[in-house]
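Chemist: Quick one: this structure, given as structure tokens, is what I'll be asking you about.
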Amino acid sequence: MNKLSRIMKAAALVAVTALAVMASAAPASAASYYQLRCSYTSYGVRCAYVPTYSATTPTTTTAAKTTTATPTTGTTTATTGLTAAEQQMLNLVNQERAKNGLPALKADLQLTKLARLKSQDMINKNYFSHQSPTYGSPFDMMKTYGVSYRTAGENIAGNGSVSGAHTALMNSAGHRANILSANFTHIGIGIQSGGNYGMMFTQMFVGR
């Protein structure tokens, strides 16, 4: 597989792998392609197929764009405990948030550990899904490891580079909504080498 087709196929994969749970949030709407999205609430799990291409702005993103929080300047500071690749992706995420008037997400090392475990699990067991045969859903995983949150979400991607994965995520409405959500305050990024695309990426978001 040549590099171009590899990146294109990776982009196609990440286009259907955003998952988020928002307290009292309506599901995002869109047009053309469909994905299964689930909301985890105290009443149980609700799932529906929703369109995801050429998306209209989700209610959570609308709130994000009207936030009065002071934006970051896009400058970056190295976070202890992250690999160079994880730091690069954190910088890219926070640069996008700064451009949209949103505060930077803080790196959470406990979430980072979970995100690394999830990425490695996908490589080891050769799957690409929010639902892990080892850990269950990302929300199950957070509960097992004692992560508290008000809102939570997950993005996963397979790509040969950090910049390629980030671009693919930002070009997908569901992933972009997670990255630019005002409901999230912390992020864990786990990047592992291996698998069909060279690198596996997991972004875990929480709002506190």
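The values are calculated or read from the model by the stated rules, or taken from the named source; none is laboratory data. In this text the structure is predicted, and so the values were computed from the model without any measurement. For neighbour counting, all protein chains shown are included, and Cβ atoms are generated from backbone atoms with ideal geometry for every residue, glycine included. Surface accessibility is based on the protein's heavy atoms, side chains included, excluding ligands, DNA and RNA. Shrake-Rupley method; radii C 1.70, N 1.55, O 1.52, S 1.80 Å.
Chemist: For segment 102-124, state whether one or more residues are more than 25 Å from THR80 (Cα to Cα) and either in contact with a Pro (Cβ under 8 Å, 6 or more places away or on another chain) or hydroxyl-bearing (Ser, Thr, Tyr) (or both). Working first, answer last.
Modeler: Taking segment 102-124 as the starting set, the residues that turn out to be more than 25 Å from THR80 (Cα to Cα) are 122-124.
Applying the additional criterion that residues be either in contact with a Pro (Cβ under 8 Å, 6 or more places away or on another chain) or hydroxyl-bearing (Ser, Thr, Tyr) (or both) yields none.
Checking segment 102-124: not a single residue is more than 25 Å from THR80 (Cα to Cα) and either in contact with a Pro (Cβ under 8 Å, 6 or more places away or on another chain) or hydroxyl-bearing (Ser, Thr, Tyr) (or both).
Chemist: Among the aromatic types (Phe, Trp, Tyr) and under 16 Å from MET89 (Cβ atoms): which single residue out of PHE139, PHE184 fits that description?
Modeler: Working: PHE139 fails: under 16 Å from MET89 (Cβ atoms).
Checking each option against the conditions leaves just PHE184.
Chemist: In this structure, is ALA177 open to solvent by 30 Å² or more (accessible area, probe 1.4 Å) and among the aliphatic types (A, V, I, L, M)?
Modeler: Details: open to solvent by 30 Å² or more (accessible area, probe 1.4 Å): no; among the aliphatic types (A, V, I, L, M): yes.
It is false that ALA177 is open to solvent by 30 Å² or more (accessible area, probe 1.4 Å) and among the aliphatic types (A, V, I, L, M).
Chemist: Could you give me the residue pairs with C-beta distances under 7 Å whose first residue belongs to segment 76-104 and is at positive phi, whose second residue is assigned to a loop (DSSP other than H, G, I, E, B) and surrounded by fewer than 16 Cβ atoms within 10 Å (Cβ to Cβ) wherever it lies, and which are 6+ apart or on separate chains?
Modeler: If the second residue must be assigned to a loop (DSSP other than H, G, I, E, B) and surrounded by fewer than 16 Cβ atoms within 10 Å (Cβ to Cβ), the pairs left are GLY101/THR67; GLY101/PRO71.
Chemist: Looking at segment 191-208, which of its residues are polar (S, T, N, Q) and modelled with pLDDT of 95 or more? If you could, list the steps in order and put the result at the bottom.
Modeler: Of all residues in segment 191-208, those polar (S, T, N, Q) come to 192-193, 196, 202-203.
Hits for segment 191-208 are GLN192, SER193, THR202, GLN203.
Chemist: If you take the residues in segment 180-208 that are of a type in the set (A, V, I, L, M, F, W, C) and over 15 Å from ILE156 (Cβ atoms), which one is most open to solvent (accessible area, probe 1.4 Å)?
Modeler: Narrowing segment 180-208 to residues of a type in the set (A, V, I, L, M, F, W, C): 180, 182, 184, 187, 189, 191, 199-201, 204-206.
Cutting the leftovers down to over 15 Å from ILE156 (Cβ atoms) gives us 180, 182, 184, 206.
Working: LEU180: 5, ALA182: 43, PHE184: 4, VAL206: 0 Å².
If we take residues in segment 180-208 being of a type in the set (A, V, I, L, M, F, W, C) and over 15 Å from ILE156 (Cβ atoms), then ALA182 is most open to solvent (accessible area, probe 1.4 Å).
Chemist: Please find, within segment 87-133, the residue that is farthest from the chain's Cα centre (by Cα) out of those that are charged (D, E, K, R) and surrounded by fewer than 18 Cβ atoms within 10 Å (Cβ to Cβ).
Modeler: LYS125
Chemist: Against the conditions (1) open to solvent by 10 Å² or more (accessible area, probe 1.4 Å); (2) under 11 Å from the mean Cα position of the chain (by Cα), where does ALA152 fall short? Just the number, please.
Modeler: Among (1) open to solvent by 10 Å² or more (accessible area, probe 1.4 Å); (2) under 11 Å from the mean Cα position of the chain (by Cα), ALA152 violates only (1).
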